[in-house]
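J.: Below is one structure. I have some questions about it.
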Amino acid sequence: MDPETLETFLTNPTTMVRGTRMTQRFSNADERRAIIAFLGSH
Ligand code: HEM
């Protein structure tokens, strides 16, 4: 998955995937970057 898509999803999962049970939002951009970097390195 490309970083932009992940960024959108993590900011507010329910906006991108209607009906998802993942309601955890990441409003902190640094936090989103850290998660995306982690996923990119695994
Ligand atoms: C530290 C980061 C994350 C946290 C704290 C988190 C938290 C959660 C929680 C609490 C759920 C709901 C589980 C349930 O009710 O059974 C969930 C589901 C899910 N998460 Fe995350 N999540 C994180 C990162 C991610 C990432 C990076 C992705 C995608 C690349 C992702 C994709 C999903 C998906 C697909 C589901 C299942 C949704 C569904 O069943 O409708 N999550 N997450």
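The values are calculated or read from the model by the stated rules, or taken from the named source; none is laboratory data. Worth saying up front: this structure is predicted, and the values here are computed from it rather than measured. Methodologically, a virtual Cβ is constructed for each residue, glycine included, from the backbone with ideal geometry; neighbour enumeration extends over all protein chains shown.
J.: Where in the chain are the helices (runs of 4 or more DSSP H), entirely inside, with at least 2 residues that are near the ligand (Cβ under 9 Å from one of its atoms)?
T.: Numbers: elements: 3-11, 13-16, 29-40.
Result: 3-11, 29-40.
J.: Could you give me the residue pairs with C-beta distances under 6 Å whose first residue belongs to the stretch 16-36 and is within 12 Å of PRO3 (Cβ to Cβ), whose second residue is among the acidic types (Asp, Glu) and at pLDDT 95 or above wherever it lies, and which are 6+ apart or on separate chains?
T.: Correct list of pairs: ARG32/GLU7.
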